[in-house]
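In what follows, a structure is listed as structure tokens, so that the remarks can point back to it.
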Amino acid sequence: MKKILIATGGGDCPGLNAVIRGIVKSAALEGGWQVFGCIESFNGILKDEIEIVELTEERVSGLHVKGGTIIKTTNKGGPFQFPVRQADGSWIVEDRSQLMKKRLEELGIEAVINIGGDGSQAISLGLSKIGINVVGVPKTIDNDLSSTDFTFGFQTAVQIATECFDKIVTTAESHNRVFIMEVMGRDAGWIALHTAIAGGAEVCIIPEIPYDPHKIVEKIETRYQHGMGFCNIVIAEGAKALDGKVTGTDPTAIGDRHIKLGGVGEKLKHELLDLGIEHDVRVTTLGHLQRGGTPIAFDRILATEFGVKAFELVRDGKYGNLVTYRQPNISYVPIEEALKEPHLVNPDKDFLIHTARRIGMSLGD
Ligand code: F6P
């Protein structure tokens, strides 16, 4: 029997379990393959005590509907920067990639399928470079990976955010309020932009377009002057004012790869009040609600297709590749190519931006 090890890395995302199920089912149907899950991303094979579990067809049955990941995840550390606690309580990071390679060989594992976003795929590339057979599957609610039209999880996040936005509109309208809804989106404003258009926001602020609070005040006041006594703003957590600074807290845990974003909605509220806005301004931050719960049908389908394709790449020995979706086909590209550039909103070219402006939405510039 040939063996595959699956890992899920980075933030959880609706559809991870559907990918796992797609891999396990297609491997079982092919025959001659055994699939294992590495617990908590690669920690399962890097820790002193190995933690991997066999993923049988019975185990994955019905999983396409379930959110999160049954094999757990982490966005800290990894094989090249594994956090190790010292006797004095302090932490260091250790390169355990060669240990991982040795353990994979000892366990007789033919290939690794790494399901994750840009950070995880950078790890896939590193593993590939030291001779481990890796296939990547692109995951992130932010939809910021290039070479694929969509990552799975994104559409679910947009659906959740839009449903929340619809609820905010009714309360904004009833109270004549200005509402600011902060959504996820570290570098890319895709969730914010899609939600703003789907929900009909008056203002949408994304990381790719630095915002000027004066412009937002102008838009709000125009609304109120024209008798529309409320205004709804969607802002991505990675949004920056003209000073180019993001809002959040510095990483605290050892191995943390990113600043923890959050709070830009509150920041904007104070900027608006400082500019003399007299309306009641309220802020709602959606946070991890956008990543929780069951994937919508689109993501279940895409994730299942990704799982099937990932298995086929392993079966055919096409290692070092990332599964991709290029409408209407599922294909693949070298991981290296996929990592060259992030997939950001292009303020000059994307039709979504054009659409937003043509329907009178302010983008804060
Ligand atoms: O990358 C996906 C994402 O949800 C980002 O939008 C967000 O900044 C980040 O993960 C949050 O990560 P965590 O759950 O570790 O705070």
With the requirement that a residue be over 13 Å from residue 7 (Cα atoms) and in contact with a helix residue (DSSP H, G or I) (Cβ under 6 Å, 6 or more places away or on another chain), what does segment 36-82 give you? 57, 60, 63, 64, 66, 80, 82
Do you know which residues across segment 94-132 are within 16 Å of the ligand (Cβ to nearest atom), among the aliphatic types (A, V, I, L, M) and in contact with a Lys or Arg (Cβ under 8 Å, 6 or more places away or on another chain)? 115
Residue 119: of a type outside the set (A, V, I, L, M) and in contact with a strand residue (DSSP E or B) (Cβ under 7 Å, 6 or more places away or on another chain), yes or no? no
So for segment 311-326 (the condition being over 23 Å from residue 156 (Cα atoms), buried (at least 16 other Cβ atoms within 10 Å of the Cβ) and among the aromatic types (Phe, Trp, Tyr)), does at least one residue qualify? yes
From (1) part of a helix (DSSP H, G or I); (2) more than 16 Å from the ligand (Cβ to nearest atom), pick out the condition that doesn't hold for residue 289. (2)
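With segment 1-106 as the region, which strands (runs of 3 or more DSSP E) entirely inside it contain at least 1 residues that are of a type in the set (D, E, K, R) and without any contact (Cβ under 8 Å) to a residue 12 or more places away in the chain?
Counting at least 1 such residues, we get 82-85.
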Of the residues in segment 173-186 that are more than 9 Å from the ligand (Cβ to nearest atom) and outside any helix (DSSP H, G or I), the one that is farthest from residue 269 (Cα to Cα) is 176
In this structure, does residue 338 turn out to be in contact (Cβ under 8 Å) with a residue 12 or more places away in the chain, surrounded by 15 or more Cβ atoms within 10 Å (Cβ to Cβ) and farther than 20 Å from residue 130 by Cα? no
Within the set of pairs 6 or more residues apart or between chains, which connect a residue that is small (Gly, Ala, Ser) inside segment 287-300 to a residue that is within 16 Å of the ligand (Cβ to nearest atom) with Cβ atoms less than 7 Å apart? 292/67; 293/14; 293/67
It is to be established whether one or more residues within segment 38-47 are within 16 Å of the ligand (Cβ to nearest atom) and surrounded by 24 or more Cβ atoms within 10 Å (Cβ to Cβ). yes
Can you name the number of the only condition in (1) within 30 Å of residue 327 (Cβ to Cβ); (2) within 16 Å of the ligand (Cβ to nearest atom) that residue 135 fails? (2)
Give just the number: which of (1) buried (at least 24 other Cβ atoms within 10 Å of the Cβ); (2) part of a loop (DSSP other than H, G, I, E, B) does residue 227 not satisfy? (1)
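For residue 20, are the conditions met, namely being within 25 Å of residue 144 (Cα to Cα), away from the ligand (no atom under 16 Å from the Cβ), of a type outside the set (D, E, K, R) and touching a Leu at 6+ places or on another chain (Cβ under 8 Å)?
Details: within 25 Å of residue 144 (Cα to Cα): yes; away from the ligand (no atom under 16 Å from the Cβ): yes; of a type outside the set (D, E, K, R): yes; touching a Leu at 6+ places or on another chain (Cβ under 8 Å): yes.
Criteria met by residue 20.
Here is a list: 265, 244, 307. Which entry is surrounded by fewer than 18 Cβ atoms within 10 Å (Cβ to Cβ), small (Gly, Ala, Ser) and away from the ligand (no atom under 13 Å from the Cβ)? Walk me through it before giving the result.
On the way: 265 fails: surrounded by fewer than 18 Cβ atoms within 10 Å (Cβ to Cβ); 307 fails: surrounded by fewer than 18 Cβ atoms within 10 Å (Cβ to Cβ).
Unique residue meeting the criteria: 244.
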So, in segment 187-210, of the ones that are in contact (Cβ under 8 Å) with a residue 40 or more places away in the chain and β-branched (Val, Ile, Thr), which residue ends up nearest to the ligand (Cβ to nearest atom)? 191
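Quick note: the coordinates plus some simple rules give every number you see, no bench work behind them. Everything numeric here is computed off the predicted structure, so don't read it as measured data. Because the Cβ atoms are built from the backbone with ideal geometry, glycine has one as well, and the counts that use them run over all protein chains shown.
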